[in-house]
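Working notes, beginning with the structure itself.
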Amino acid sequence: MRIVLLGAPGSGKGTQAKILMSDKNIPQISTGDMLREAAASGTRFGLKAKSLMDAGNLVPDDVVLGIISERLTKPDAQEGFILDGFPRTTQQALDLEELLDQMGTPLDAAVLMDVDFDILMKRLTGRRTCSLTGKLLNIHFSSQEELDECTNAGGELIQREDDNEETISNRLEVYCENTEPLIEYYRGRGKLLTVDAEGPVNEVYDRLVAALSSANARPLSTAALTGRPR
Ligand code: AP5
(Lines give C-alpha, C1' and ligand atoms only; values in the text may rest on other atoms or scores of the structure.)
Protein backbone atom coordinates (compact mmCIF):
# COMPACT_ATOMS: atom_id res chain seq x y z
CA MET A 1 0.00 0.00 0.00
CA ARG A 2 1.53 3.28 -1.13
CA ILE A 3 -0.73 6.17 -0.27
CA VAL A 4 -0.82 9.90 0.30
CA LEU A 5 -3.10 11.36 2.97
CA LEU A 6 -4.37 14.73 1.79
CA GLY A 7 -6.36 17.16 3.87
CA ALA A 8 -6.42 20.46 5.68
CA PRO A 9 -4.50 21.01 8.91
CA GLY A 10 -6.48 19.23 11.63
CA SER A 11 -8.36 16.92 9.27
CA GLY A 12 -6.92 13.91 11.11
CA LYS A 13 -4.13 12.81 8.76
CA GLY A 14 -1.69 12.11 11.59
CA THR A 15 -4.30 10.42 13.78
CA GLN A 16 -5.42 8.04 11.03
CA ALA A 17 -1.90 7.44 9.69
CA LYS A 18 -0.76 6.24 13.12
CA ILE A 19 -3.63 3.75 13.39
CA LEU A 20 -3.08 2.53 9.81
CA MET A 21 0.63 2.18 10.50
CA SER A 22 0.15 -0.12 13.49
CA ASP A 23 -2.72 -2.00 11.84
CA LYS A 24 -1.04 -2.65 8.47
CA ASN A 25 2.59 -2.45 9.56
CA ILE A 26 3.65 0.18 7.03
CA PRO A 27 5.45 3.37 8.03
CA GLN A 28 3.84 6.77 8.44
CA ILE A 29 6.12 9.31 6.77
CA SER A 30 5.21 12.75 8.07
CA THR A 31 7.17 15.70 6.71
CA GLY A 32 5.78 17.80 9.58
CA ASP A 33 7.22 15.38 12.18
CA MET A 34 10.56 15.21 10.37
CA LEU A 35 10.77 19.00 10.13
CA ARG A 36 9.88 19.37 13.83
CA GLU A 37 12.69 16.93 14.68
CA ALA A 38 15.08 19.00 12.57
CA ALA A 39 13.86 22.16 14.32
CA ALA A 40 14.41 20.58 17.75
CA SER A 41 17.98 19.64 16.77
CA GLY A 42 18.79 23.37 16.62
CA THR A 43 20.89 23.16 13.42
CA ARG A 44 20.90 26.16 11.08
CA PHE A 45 18.60 24.30 8.71
CA GLY A 46 16.34 23.28 11.60
CA LEU A 47 16.05 26.84 12.86
CA LYS A 48 15.19 28.15 9.39
CA ALA A 49 12.50 25.46 9.06
CA LYS A 50 11.19 26.33 12.54
CA SER A 51 10.71 30.00 11.68
CA LEU A 52 8.67 29.06 8.59
CA MET A 53 6.60 26.49 10.50
CA ASP A 54 5.95 28.82 13.44
CA ALA A 55 4.47 31.32 10.97
CA GLY A 56 2.42 28.59 9.26
CA ASN A 57 4.27 28.94 5.95
CA LEU A 58 5.63 26.13 3.78
CA VAL A 59 9.23 24.97 3.80
CA PRO A 60 10.70 25.19 0.23
CA ASP A 61 9.79 22.36 -2.15
CA ASP A 62 13.37 21.25 -2.87
CA VAL A 63 14.13 20.92 0.84
CA VAL A 64 11.10 18.73 1.53
CA LEU A 65 11.72 16.65 -1.60
CA GLY A 66 15.27 15.96 -0.40
CA ILE A 67 13.95 14.73 2.95
CA ILE A 68 11.32 12.51 1.31
CA SER A 69 13.71 11.07 -1.33
CA GLU A 70 16.07 9.95 1.41
CA ARG A 71 13.29 8.54 3.60
CA LEU A 72 11.71 6.50 0.81
CA THR A 73 14.93 4.57 0.23
CA LYS A 74 14.92 3.21 3.82
CA PRO A 75 14.23 -0.55 4.13
CA ASP A 76 10.95 -0.12 6.04
CA ALA A 77 9.43 1.87 3.15
CA GLN A 78 10.02 -0.80 0.51
CA GLU A 79 6.75 -2.63 1.17
CA GLY A 80 4.64 0.51 1.29
CA PHE A 81 4.22 3.84 3.05
CA ILE A 82 1.69 6.41 4.20
CA LEU A 83 2.73 9.92 3.20
CA ASP A 84 1.28 12.38 5.71
CA GLY A 85 1.61 16.08 4.83
CA PHE A 86 3.48 15.51 1.57
CA PRO A 87 2.95 16.51 -1.20
CA ARG A 88 1.60 19.94 -0.37
CA THR A 89 2.15 21.80 -3.64
CA THR A 90 1.68 20.84 -7.28
CA GLN A 91 5.46 20.93 -7.72
CA GLN A 92 5.88 18.46 -4.84
CA ALA A 93 3.25 16.17 -6.41
CA LEU A 94 5.04 16.25 -9.77
CA ASP A 95 8.39 15.58 -8.09
CA LEU A 96 6.90 12.69 -6.10
CA GLU A 97 5.42 11.16 -9.24
CA GLU A 98 8.78 11.34 -10.99
CA LEU A 99 10.60 9.90 -7.99
CA LEU A 100 8.18 6.97 -7.61
CA ASP A 101 8.30 6.31 -11.38
CA GLN A 102 12.08 6.09 -11.16
CA MET A 103 11.76 3.67 -8.25
CA GLY A 104 9.12 1.64 -10.14
CA THR A 105 6.70 2.00 -7.22
CA PRO A 106 3.80 4.22 -8.29
CA LEU A 107 1.29 5.59 -5.83
CA ASP A 108 -1.85 3.51 -5.24
CA ALA A 109 -4.11 6.30 -3.99
CA ALA A 110 -4.35 9.81 -2.61
CA VAL A 111 -6.94 9.92 0.16
CA LEU A 112 -8.64 13.20 0.95
CA MET A 113 -9.64 13.47 4.61
CA ASP A 114 -12.73 15.63 4.20
CA VAL A 115 -13.73 17.85 7.14
CA ASP A 116 -15.73 21.07 7.24
CA PHE A 117 -13.45 24.04 7.89
CA ASP A 118 -15.47 25.24 10.92
CA ILE A 119 -14.42 22.12 12.87
CA LEU A 120 -10.71 22.49 12.18
CA MET A 121 -9.98 25.43 14.49
CA LYS A 122 -11.39 23.55 17.51
CA ARG A 123 -9.45 20.40 16.63
CA LEU A 124 -6.20 22.33 16.25
CA THR A 125 -6.41 24.65 19.25
CA GLY A 126 -7.39 21.63 21.38
CA ARG A 127 -4.66 19.31 20.11
CA ARG A 128 -2.16 18.02 22.68
CA THR A 129 0.56 15.36 22.39
CA CYS A 130 1.44 13.09 25.31
CA SER A 131 5.12 13.70 26.13
CA LEU A 132 5.58 10.05 27.13
CA THR A 133 3.90 8.15 24.29
CA GLY A 134 3.56 10.72 21.50
CA LYS A 135 -0.15 9.90 21.38
CA LEU A 136 -2.28 12.61 19.73
CA LEU A 137 -5.01 13.83 22.08
CA ASN A 138 -7.49 16.65 22.21
CA ILE A 139 -8.77 18.57 25.19
CA HIS A 140 -12.16 18.99 23.46
CA PHE A 141 -12.59 15.55 21.90
CA SER A 142 -10.54 12.99 23.86
CA SER A 143 -12.15 11.33 26.87
CA GLN A 144 -11.01 12.43 30.33
CA GLU A 145 -9.79 8.86 30.81
CA GLU A 146 -7.43 9.14 27.80
CA LEU A 147 -6.09 12.51 28.99
CA ASP A 148 -5.61 11.18 32.55
CA GLU A 149 -3.78 8.12 31.24
CA CYS A 150 -0.99 10.44 30.05
CA THR A 151 -0.81 12.74 33.07
CA ASN A 152 -1.23 9.96 35.67
CA ALA A 153 1.80 8.22 34.15
CA GLY A 154 3.80 11.42 34.71
CA GLY A 155 3.45 12.73 31.14
CA GLU A 156 2.68 16.24 30.01
CA LEU A 157 0.10 17.30 27.45
CA ILE A 158 2.19 19.34 25.02
CA GLN A 159 0.70 21.93 22.67
CA ARG A 160 2.36 22.45 19.26
CA GLU A 161 3.82 25.95 18.77
CA ASP A 162 1.93 26.41 15.50
CA ASP A 163 -1.41 25.52 17.10
CA ASN A 164 -2.38 29.09 18.01
CA GLU A 165 -5.28 30.86 16.31
CA GLU A 166 -3.18 33.31 14.27
CA THR A 167 -0.85 30.65 12.86
CA ILE A 168 -3.73 28.22 12.28
CA SER A 169 -5.54 30.87 10.19
CA ASN A 170 -2.46 31.28 8.03
CA ARG A 171 -1.99 27.48 7.74
CA LEU A 172 -5.57 27.17 6.50
CA GLU A 173 -5.01 29.93 3.92
CA VAL A 174 -1.77 28.32 2.80
CA TYR A 175 -3.63 25.01 2.48
CA CYS A 176 -6.39 26.53 0.29
CA GLU A 177 -3.91 28.26 -1.97
CA ASN A 178 -1.21 25.60 -2.33
CA THR A 179 -2.55 22.20 -1.38
CA GLU A 180 -6.23 22.14 -2.27
CA PRO A 181 -5.39 22.11 -6.02
CA LEU A 182 -3.93 18.63 -5.44
CA ILE A 183 -7.47 17.30 -5.07
CA GLU A 184 -8.04 17.94 -8.78
CA TYR A 185 -4.51 16.81 -9.59
CA TYR A 186 -5.12 13.34 -8.14
CA ARG A 187 -8.71 13.18 -9.35
CA GLY A 188 -7.39 13.77 -12.87
CA ARG A 189 -5.02 10.83 -12.45
CA GLY A 190 -7.81 8.56 -11.23
CA LYS A 191 -6.13 8.20 -7.81
CA LEU A 192 -8.39 10.26 -5.57
CA LEU A 193 -10.43 8.70 -2.78
CA THR A 194 -12.51 10.90 -0.49
CA VAL A 195 -13.24 9.91 3.09
CA ASP A 196 -15.72 11.66 5.35
CA ALA A 197 -13.34 12.48 8.22
CA GLU A 198 -15.91 13.85 10.67
CA GLY A 199 -17.20 11.88 13.64
CA PRO A 200 -15.44 9.52 16.07
CA VAL A 201 -11.86 8.52 15.21
CA ASN A 202 -12.70 4.78 14.97
CA GLU A 203 -15.58 5.44 12.58
CA VAL A 204 -13.36 7.58 10.35
CA TYR A 205 -10.80 4.77 10.40
CA ASP A 206 -13.42 2.21 9.30
CA ARG A 207 -14.37 4.48 6.40
CA LEU A 208 -10.71 4.91 5.46
CA VAL A 209 -10.11 1.16 5.40
CA ALA A 210 -13.30 0.59 3.38
CA ALA A 211 -12.23 3.20 0.82
CA LEU A 212 -8.76 1.66 0.50
CA SER A 213 -10.23 -1.85 0.12
CA SER A 214 -12.64 -0.72 -2.57
CA ALA A 215 -9.76 0.92 -4.41
CA ASN A 216 -7.76 -2.28 -4.12
CA ALA A 217 -10.58 -4.34 -5.55
CA ARG A 218 -11.07 -2.21 -8.67
CA PRO A 219 -9.03 0.02 -10.96
CA LEU A 220 -8.73 3.35 -9.15
CA SER A 221 -10.19 5.31 -12.02
CA THR A 222 -13.54 3.64 -11.29
CA ALA A 223 -13.17 3.35 -7.52
CA ALA A 224 -16.21 4.39 -5.53
CA LEU A 225 -15.88 7.58 -3.55
CA THR A 226 -16.69 7.26 0.10
CA GLY A 227 -18.25 10.05 2.11
CA ARG A 228 -19.68 13.37 1.06
CA PRO A 229 -19.34 14.35 -2.57
CA ARG A 230 -17.19 17.45 -3.17
P1 AP5 B 1 2.13 19.18 9.61
O2 AP5 B 1 2.72 18.67 10.84
O3 AP5 B 1 2.01 18.28 8.43
O4 AP5 B 1 0.77 19.88 9.97
P5 AP5 B 1 -0.63 20.01 9.18
O6 AP5 B 1 -0.69 19.57 7.77
O7 AP5 B 1 -0.99 21.41 9.45
O8 AP5 B 1 -1.51 18.95 9.79
P9 AP5 B 1 -1.73 18.73 11.28
O10 AP5 B 1 -0.65 17.87 11.84
O11 AP5 B 1 -1.95 20.05 11.96
O12 AP5 B 1 -3.16 18.00 11.25
P13 AP5 B 1 -3.56 16.51 10.96
O14 AP5 B 1 -4.41 16.48 9.74
O15 AP5 B 1 -2.39 15.56 11.01
O16 AP5 B 1 -4.52 16.28 12.20
P17 AP5 B 1 -4.29 15.43 13.54
O18 AP5 B 1 -4.44 13.98 13.23
O19 AP5 B 1 -3.06 15.87 14.27
O20 AP5 B 1 2.98 20.43 9.08
C21 AP5 B 1 3.40 21.46 9.95
C22 AP5 B 1 4.24 22.47 9.19
O23 AP5 B 1 5.40 21.83 8.63
C24 AP5 B 1 3.56 23.14 7.99
O25 AP5 B 1 2.76 24.23 8.37
C26 AP5 B 1 4.79 23.54 7.15
O27 AP5 B 1 5.39 24.68 7.67
C28 AP5 B 1 5.73 22.37 7.35
N29 AP5 B 1 5.56 21.31 6.34
C30 AP5 B 1 5.15 20.03 6.58
N31 AP5 B 1 5.10 19.35 5.44
C32 AP5 B 1 5.48 20.20 4.45
C33 AP5 B 1 5.61 20.07 3.05
N34 AP5 B 1 5.32 18.93 2.41
N35 AP5 B 1 6.02 21.14 2.34
C36 AP5 B 1 6.33 22.30 2.95
N37 AP5 B 1 6.22 22.50 4.28
C38 AP5 B 1 5.80 21.46 5.03
O39 AP5 B 1 -5.57 15.89 14.36
C40 AP5 B 1 -5.69 17.20 14.87
C41 AP5 B 1 -6.43 17.16 16.21
O42 AP5 B 1 -7.76 16.68 15.99
C43 AP5 B 1 -5.80 16.20 17.24
O44 AP5 B 1 -5.94 16.76 18.51
C45 AP5 B 1 -6.65 14.93 17.14
O46 AP5 B 1 -6.70 14.25 18.37
C47 AP5 B 1 -8.01 15.51 16.76
N48 AP5 B 1 -8.79 14.59 15.93
C49 AP5 B 1 -8.35 13.86 14.86
N50 AP5 B 1 -9.36 13.17 14.33
C51 AP5 B 1 -10.47 13.47 15.08
C52 AP5 B 1 -11.85 13.08 15.00
N53 AP5 B 1 -12.29 12.20 14.09
N54 AP5 B 1 -12.70 13.61 15.91
C55 AP5 B 1 -12.27 14.48 16.85
N56 AP5 B 1 -10.97 14.89 16.97
C57 AP5 B 1 -10.09 14.40 16.08
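The values are calculated or read from the model by the stated rules, or taken from the named source; none is laboratory data. Everything numeric here is computed off the predicted structure, so don't read it as measured data. So basically every Cβ, Gly included, is an ideal-geometry build from the backbone, and we count neighbours across all protein chains shown. Surface areas here come from the heavy atoms of the whole protein model, side chains and all, with no ligands, DNA or RNA. Shrake-Rupley method; radii C 1.70, N 1.55, O 1.52, S 1.80 Å.
Values for this structure:
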{"read-out": "Cα-projected label distance for ASN25 with GLU180, points at 7 Å along beta-carbon direction, nm", "value": "4.1 nm"}
{"read-out": "Lys, Arg +1 and Asp, Glu -1 on Cβ, resulting dipole of the chain about Cα centre, debye, nearest 20", "value": "340 debye"}
{"read-out": "Chain lengthening between LEU100 and GLN144 when straightened (0.36 nm per residue, less Cα-Cα)", "value": "11.6 nm"}
{"read-out": "Fully extended contour minus Cα-Cα distance, from ASP206 to ILE119, at 0.36 nm per residue", "value": "29.3 nm"}
{"read-out": "Where labels lie 7 Å past Cα in the beta-carbon direction, separation of THR151 and ARG44 in nm", "value": "4.3 nm"}
{"read-out": "Cα shape, the stretch 15-72, gyration tensor, a/c 1.5 rule", "value": "prolate"}
{"read-out": "5 angstrom amide H check on ALA109, placed H, neighbours 5+ away", "value": "ARG2, VAL4"}
{"read-out": "GLN78 paired with GLU173, simple spin-label distance in nm, labels 7 Å along Cα-to-beta-carbon", "value": "4.6 nm"}
{"read-out": "Share of carbon and sulfur in the accessible heavy-atom surface of the stretch 1-80 [1.4 Å probe, %]", "value": "55 percent"}
{"read-out": "For the stretch 1-53, accessible area per residue (1.4 Å probe, heavy atoms of protein chains only), Å²", "value": "44 Å²"}
{"read-out": "The stretch 125-143 residues near the modelled GLU165 label - backbone nitrogen below 11 Å, point 7 Å along Cα→Cβ", "value": "none"}
